[in-house]
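Laboratory data are not the source of any read-out in this text; all were calculated from the coordinates shown. Note that the structure is a prediction, hence the values are computed from the model and not measured. Heads up, the Cβs are rebuilt from the backbone with ideal geometry, glycines too, and the neighbour counts pull from every protein chain shown.
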Amino acid sequence: MSRFNQYFLMKEKDVVDYVLEKVDFFDKKSYLTCDEIGDGNLNYVYRVSDKQSDKSLIVKQAGRTARISEDITLSTNRNKIESNALIIHGKYAPGLVPKVYLLDEVMSCCVMEDLSDHLILREGFLKHEIYPLFAEHITSYMVKTLLPTTDVVMEHKEKKQLVKEFINPELCEISEDLVYTEPFNNYHHRNEIIVENKDWIIREIYHDNELHLEAAKLKFEFMNHAQALIHGDLHTGSIFAKKDSTKVIDPEFAFFGPIGYDTGNVVAHLIFAYINGDTYHKREFLDWVEKTIIEVIDLFKVKFSQEWDGSVTELLAKETGFKEWYLDHILSDTAGVAGLEIIRRIVGLAKVKDITSIENTDSRVRAERICLTLAKNLIKRRNEFKEGKDYTEALHQAIDEVKVKNE
Ligand code: SR1
Ligand code: MG
């Protein structure tokens, strides 16, 4: 009788036994080693390796509470959502996500391809590494995974069935709270603000009612616009990269939501990378990030439009002007979400190393103010961000504005 017929949170030793019992991957006589390598906020991630054959795989298990805080209790069903999203994304965008070898709904874990020849993109960015193909790859990933699951392409009853399967209430609630609500009012008393920026943030974020109104509109867009099966957490910690390859991992926040939530997250985290590079005067890296921000928007538009022409099935979506209207809406959402994502990572609970690793206090204060100044602009003027260069111009404007105010 298997000891894995009832859920429990595994330790390294259990994971080795689990893999030998459940997956036909290693030789049964191999000597396996296992390390917990997770650094995310929610789950446990184990790498199981066989030194002799040089083979390895990943086991990811969901606990009943979030890793970041015991106070956050969560359904372990998120592991099923993640695995199924990876399987669907693998079908639409082969080569851009890891392969799933096994989904185990009892143990709430999945076994998947080990990508340890890649590096988490945020870690690469912290070393100011350049990834020449990133914009090409991530725009392909987004267009190929998002458009086919919209009503533009997917048969409508099939889509509604998938919407049901991807109802993800608890993880959506995390985003509704952490991204769309708490940064503006600290209503769960868990925002974390550095003391040197406290008064500035109270004035510029907590007391800006126009900003709150726009955040409210975007929150309802997030909750009520079942546009496509989105990744739901597409930051640079959810992406593995090496020079010639990009793999998107971790879609446990997947649900049917606005496409701009994914595109906006990618842009926001490129902006964090830029601000970190700017703090350390990394010119070559800065030029590359700036070019990448522009390409992410502009290539997304081109690829989305081409893919639309080749795959649209909904009759009314073929009406002249509809595609342009649809894309325009995605672009406004992209800017709005990018702004929200920036604010939540500076003001809220879950931060990003691009900013927290800046040790010098004056530099950290400056970096945060640039981010927040830009973010407010992105949210309030989101209808005006139509091209990649609109973002980089606004970024430079924010840098100049903060410089002037500091003088
Ligand atoms: C409680 S989880 C905090 C954050 O980590 C994830 O990566 C999501 O971004 C979530 O909001
Ligand atoms: Mg994650």
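In the Gaussian network model of the chain, springs joining C-alpha atoms below 10 Å, which of R203, R345, R47 carries the largest mean-square fluctuation? Judging by the Gaussian network model, the answer is R203.
What's the angle, to the nearest 10 degrees (0 to 90), between helix 12-22's Cα axis and the longest principal axis of the chain? With both axes taken from Cα atoms, the answer is about 60 degrees.
Which FRET efficiency, nearest 0.05, do M223 and K29 yield, Cβ-Cβ r, R0 60 Å?
Values: r = 52 Å, r/R0 = 0.87.
E between M223 and K29, to the nearest 0.05, is 0.70.
With +1 assigned to the C-beta of every Lys and Arg and -1 to the C-beta of every Asp and Glu, and no other charges, what is the dipole magnitude of segment 150-258 about the Cα centre in debye, to the nearest 20? Don't jump to the answer; show the numbers that get you there.
Details: 12 positive and 21 negative charges, 73 e Å.
With Lys and Arg at +1 and Asp and Glu at -1, about 340 debye.
Measuring against 25 Å, Cα to Cα, the residue pairs K22/K99; K219/K386; K99/K389; K60/K242; K198/K403 contain K99/K389 as the ones spanning a longer distance. Fully extending the segment from I167 to N209, taken as 0.36 nm per residue of separation minus the present Cα-Cα distance, adds 12.0 nm. What whole number of Å gives the distance from the Cα centroid of segment 90-104 to the Cα centroid of segment 220-272? Computed from Cα coordinates, the inter-centre distance equals 16 Å. Helix 388-406 and the longest principal axis of the C-alpha atoms of the chain enclose an angle of approximately 60°.
Between N41, N383, N265, the GNM of the chain built on Cα springs shorter than 10 angstrom shows N41 fluctuating the most.
Decide, for segment 1-110, between rounded, prolate and oblate: order the square roots of the alpha carbon gyration tensor eigenvalues as a ≥ b ≥ c, take rounded if a/c falls under 1.5, and otherwise choose prolate if a/b is larger than b/c, else oblate.
Numbers: a/c = 1.60, a/b = 1.18, b/c = 1.36.
It comes out oblate by the Cα gyration axes.
Principal-axis analysis of the Cα atoms of the chain puts helix 78-92 at an angle of about 80° to the longest axis. Annotation for segment 1-71 versus segment 318-364: alpha-carbon center distance of 34 Å. Would you please state which residues of segment 182-197 a label at D71 would reach in this model, taking the label point 7 Å out along Cα→Cβ and a backbone N cut-off of under 20 Å? What the label zone holds, given the 20 Å backbone N cut-off, is 182-195.
What is the calculated FRET efficiency for D400 to K351, with r their C-beta to C-beta distance and R₀ = 30 Å, to the nearest 0.05? Walk me through the intermediate numbers first.
Values: r = 25 Å, r/R0 = 0.84.
Given R0 = 30 Å and the Cβ-Cβ separation, E is 0.75.
For segment 281-375, what class follows from the C-alpha gyration tensor (a ≥ b ≥ c being the square roots of its eigenvalues): rounded when a/c is under 1.5, otherwise prolate if a/b is larger than b/c, else oblate? In terms of gyration-tensor shape, prolate. Across segment 135-144, computed HN-Hα scalar couplings (Karplus, 6.51 cos²θ - 1.76 cosθ + 1.60, θ = phi - 60°) run 4, 4, 5, 6, 5, 5, 4, 5, 5, 6 Hz from first to last residue, x flagging Gly and Pro. Using C-alpha pairs under 8 Å with a sequence gap of at least 6, the mean separation divided by the residue count of segment 179-331 gives a relative contact order of 16 percent. In summary, the convex hull built on the alpha carbon positions of the chain has an orientation-averaged projected area of 20.5 nm². Each 10 Å bin from 0 upward holds the following percent of the Cα-Cα pairs of segment 43-104: 19, 39, 32, 9, 0. Label-to-label distance for D151 and E176 is 2.1 nm, based on points extended 7 Å past Cα in the beta-carbon direction. For segment 92-109, the residues whose amide N sits under 19 Å from a probe point set 7 Å from the Cα of E123 along the beta carbon direction are 97-99.
The listed peptides 365-377, 248-260, 49-61, ordered by packing as a protection proxy, come out as 248-260, 365-377, 49-61 (highest mean of other Cβ atoms within 10 Å first). At an R0 of 41 angstrom, the distance between the Cβ atoms of S116 and L316 translates into a FRET efficiency of 0.30.
Shown here are the Rg and Dmax of the Cα trace of segment 233-292, at 13.1, 40 Å.
When only Cα pairs under 8 Å and 6 or more residues apart are kept, what is the percent relative contact order across the chain?
16 percent.
When the square roots of the Cα gyration tensor eigenvalues are ordered a ≥ b ≥ c, the ratio a/c for segment 42-195 is under 1.5, which makes its shape rounded. Spin-label model, K55 to I37: label points 7 Å out along the Cα-to-beta-carbon direction sit 1.7 nm apart.
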